[in-house]
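Each value in this text was obtained by applying a stated rule to the coordinates, not by laboratory testing. Note that the structure is predicted; figures quoted are calculated from it, not measured. Please note: Cβ atoms are built from the backbone with ideal geometry, for glycine as well, and neighbour counts cover all protein chains shown.
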């Protein structure tokens, strides 16, 4: 589809129309902008070598790298339960899930690299505390039921957010999201299954499940970002066909899905104000503590320091390994050159 | 029991390992996490066969399966710790994959063994006490730094490859089927650890020093892997198992080739006595089990 759409967008600068030497930089920019605008109007795709506005590049780089960082930091709360998973089957599923997240981080860093920043630089920014990642991962995974609640609510919210990103205007991002969303849906299902099993288990297990849902519900709703009237970047992202739906729209859809699913689980949402508004045809929820959201975002959450330190430590402890691999690779290249000479 | 011929050598990966044997089965990407519908033998299939009486191990075979299952389980538990802590993201994925493969083998062997005593894989994993585990000491050795983990994995994968390769010929159809699946995966583990031994030994001064130290720490526990006892002798005579001592020559030859290419010496360190097959473990296993079993034991009888 994307390729077909591109064909309806002729006159790409540099491709079909060589810029004349005397036209200068301004003309190049103007042609680029015109091409970019047509791609946006046709809801087609921008690819890495296409001209793009600096702000578009910057926005995408920020969003994709934040997404990658979220996958990497997001491994930690679940890795916390790999060693204690209560059955071997659950252990295998959890290991596979956390491993998938490393894979998602890899695709996303690769997508971000096509915008001109290296993975090393992004990793350095993360470790230096300069880059953000999803606030949700600054909450602790306290019980086994948190593996269920994270899968069901956190991955569920992520899917709502990410499915529309499969159509994002930047090609590498959209394509990475297609693959990621497939795996995320498996992640959500396994979370749902964990909770269902607990809910149908002993009273202590059911209590554990309800407690986890109670703790993760509000943070999961806040994953969609601030309310629309307090989300300054959303409008531009929607104009650029990166974001397709507003934060509140996605949040409302998510609440509607959870309302249905929590009944099947035999659990409740910790929100007495959830209702379907017949006038707006939208699901509504009770007030969220946006002050808490801002606090966690500013670094004052329960696990911010712990999460970054763990990433930093893995990075530092592994430095000698990466140096060894680089040194070995360089020596191999030299050997091949000597052999060829 | 006959020993299958080693298949044609095909190296793979982006660096040439130049090692006979590494990647011998040719499919280096074979893994438990890869979806292979139709021919993947799942632990659940074995549990079902056991429950419905289609397969039931003899007491001896169950004891033997317990050893192999415990080796893989304890190693998976160790390796799982690396996920989110590896030197680079690619290694989070790779070590996670190896841990998952090992866990899959453990689940298959334990599901089968459990059939002899009307138990489940989880009964065996979560409700046995330390002295009832039959893993060799090598598998419970701490991860240490990345070089120690690689040294341990290198030894394990060459040992398991030789073992499973022969076990595919077992007269016990279930052991043979588990081994047939496992050997493809372990072949990939061999390739992975060999590449890292070469990289670390031939990388920087520091990595070489650490690799040498890693092998020194691990090597005392190599001998136990190749010790025969009454059980293995009985089972080997029946054609169901492999005499551990019969694996040693190939193990020494193939690991020796890698040591040679890496310009490393086989560590000259005294062997530890072992005892894992009789339930005598090192100080490490108790902690591994305490962590692994804590939640299941808080809720006895619960299902998850």
Once you have the Kirkwood Rh of the range B:66-138 from its Cα pairs, apply Stokes-Einstein at 10 °C and 1.306 mPa s and quote D in µm²/s. 125
Among B:235, B:175, B:295, which comes first, then next, by fewest other beta-carbon atoms within 10 Å? B:295, B:235, B:175
How well do other chains shield peptide B:206-214, expressed as the mean number of their Cβ atoms within 10 Å of each residue Cβ? 2
Rounded to the nearest 0.05, what FRET efficiency is calculated for residue B:297 and residue A:55 with R0 set to 60 Å and r the Cβ-Cβ distance? 0.60
Cα-derived Rg over Rh, computed across the protein assembly as shown with Rh taken as Kirkwood radius: 1.01
Answer check: the range B:154-304, Cα atoms, Kirkwood Rh, Rg/Rh ratio of 1.03
Evaluated at q = 0.19 Å⁻¹: base-10 log I(q)/I(0), Debye formula over Cα of the range A:206-341: -1.17
Listed with the fewest Cβ neighbours within 10 Å leading, A:51, A:144 appear as A:51, A:144
quick shape note, the range B:257-304: Cα extents on principal axes in Å, largest first -> 52, 24, 16
Mean-square fluctuation maximum in Gaussian network of chain B, Cα pairs under 10 Å, restricted to B:254, B:100, B:73, hits B:254
Length released on extending from residue A:326 to residue A:120, taking residue separation times 0.36 nm less the Cα-Cα span: 72.8 nm
Rough spin-label spacing in nm, given labels placed 7 Å along Cα→Cβ, for residue A:185 and residue A:257: 1.0
Relative to the longest principal Cα axis of chain A, at what angle does helix A:171-199 sit, 0 to 90 degrees, rounded to 10? 10
Contact order relative to length for chain A, counting C-alpha pairs under 8 Å separated by 6 or more residues, stands in percent at 16
Taking 7 Å along the Cα-to-C-beta vector as the label spot, tell me the residue B:129-residue B:269 distance in nanometres, rounded to one decimal. 3.1
First measure r as the distance between the Cβ atoms of residue A:214 and residue A:47, then evaluate 1/(1 + (r/R0)^6) with R0 = 41 Å and state the FRET efficiency to the nearest 0.05. 0.35
Can you compute log10 of I(q)/I(0) for the range B:112-218 with the Debye formula, treating each Cα as one identical point scatterer, at q = 0.16, 0.20, 0.23, 0.24 Å⁻¹? -0.86, -1.07, -1.17, -1.20
Given a Förster radius of 51 Å and the C-beta distance between residue A:230 and residue B:205 as r, what FRET efficiency does 1/(1 + (r/R0)^6) yield to the nearest 0.05? 0.40
Using the C-alpha atoms of chain A, what convex hull volume per residue, in cubic angstrom, is computed? 189
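Where does chain A land at 222 nm, in deg cm²/dmol rounded to the nearest 500, when only DSSP H runs of n ≥ 4 count, each adding -39500 (n - 2.57), divided by all residues?
-21000 deg cm²/dmol
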Modelling each spin label as a point 7 Å along the Cα-to-Cβ direction, I'd like the residue A:110/residue B:173 distance in nm, to one decimal. 4.2
Give the Debye-formula value of log10 I(q)/I(0) at each listed q (0.14, 0.15, 0.16 Å⁻¹), with one equal scatterer per alpha carbon of the range B:41-298, two decimals each. -0.93, -1.07, -1.22
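What percent do you get for the relative contact order of chain B when only Cα pairs under 8 Å and 6+ apart count?
24
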Based only on other Cβ atoms within 10 Å, what is the fewest-to-most ordering of B:119, A:58? A:58, B:119
Hull volume per residue for the range A:274-326, using the convex hull of the C-alpha atoms, in Å³ is 151
Sketch the reach of a paramagnetic label on residue A:282 as a point 7 Å from Cα along Cα-to-Cβ, and name the residues of the range A:162-176 whose backbone nitrogen lies under 20 Å away. A:162-165
Residue by residue through A:101-111, how many Cβ atoms from other chains fall within 10 Å of the Cβ on average? 3
Cα-Cα separations in the range A:19-94 greater than 20 Å, expressed as whole percent: 58
Give the Rg (one decimal place) followed by the Dmax (whole number) of the range A:169-278, computed from C-alpha coordinates and expressed in Å. 16.7, 51
Which angle between 0 and 90 degrees, to the nearest 10, do you get for helix A:88-113 versus the longest principal axis of chain A when only C-alpha atoms count? 30
Based solely on its DSSP helices, what 222 nm [θ] is calculated for chain B when runs of n ≥ 4 H residues each add -39,500 (n - 2.57) and the sum is averaged over all residues, nearest 500 deg cm²/dmol? -18000 deg cm²/dmol
Round to the nearest 10 and give me the degree value, 0 to 90, for the angle of helix A:54-79's Cα axis relative to the longest principal axis of chain A. 40
